[in-house]
1. Restrict the search to region 36-93; then list the GluC sites (Glu not before Pro) that DSSP places in a loop and that have at most 11 other Cβ atoms within 10 Å of their Cβ.
2. Take every Cα pair under 8 Å in the chain that's 6+ residues apart, average their separations, divide by the length, and report that relative contact order as a whole percent.
3. Can you pull the percent of Cα pairs in the chain with separation above 15 Å?
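Read-outs throughout are calculated quantities, based only on the coordinates presented, and are distinct from any laboratory measurement. All figures in this text were calculated on a predicted structure; none of them were measured in a lab. Here Cβ is always computed from backbone atoms with ideal geometry, including for glycine, and neighbour counts include all displayed protein chains.
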Amino acid sequence: SELKHIIPYHGNADFVVNSSLAYELPYLKRHCFAAFEPFLATYRGDPSRLDGVIRAERVQRLLASIADVENDDLVPPTSLLREFIGGSAYDVH
């Protein structure tokens, strides 16, 4: 998992590459935005989840400011984004 194999070693990396692209945000909003409110309703007020709540609120505000897209037709099947939204040209599972 990312928490076990990536995050603990992040500070030791010589380089960090952020491969996200600006066009991906509306599609992430389309697929993820609805999950934020139930998460926040469940974990607000839980001190052990404060970091996650703060991050979720920040991402929710960002996504709320982005225009909606109606479908995923413009995302190429070879896009890395397809790993998360479905429709990938690659069989990775």
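1. Numbers: sites: 57, 70, 83; in loops: 70.
Here the sparse-neighbourhood loop sites are 70.
2. Working: 47 pairs, mean separation 25.9, N = 93.
Across the chain, relative contact order equals 28 percent.
3. Numbers: 3036 of 4278 pairs.
The share of Cα pairs beyond 15 Å in the chain comes to 71 percent.
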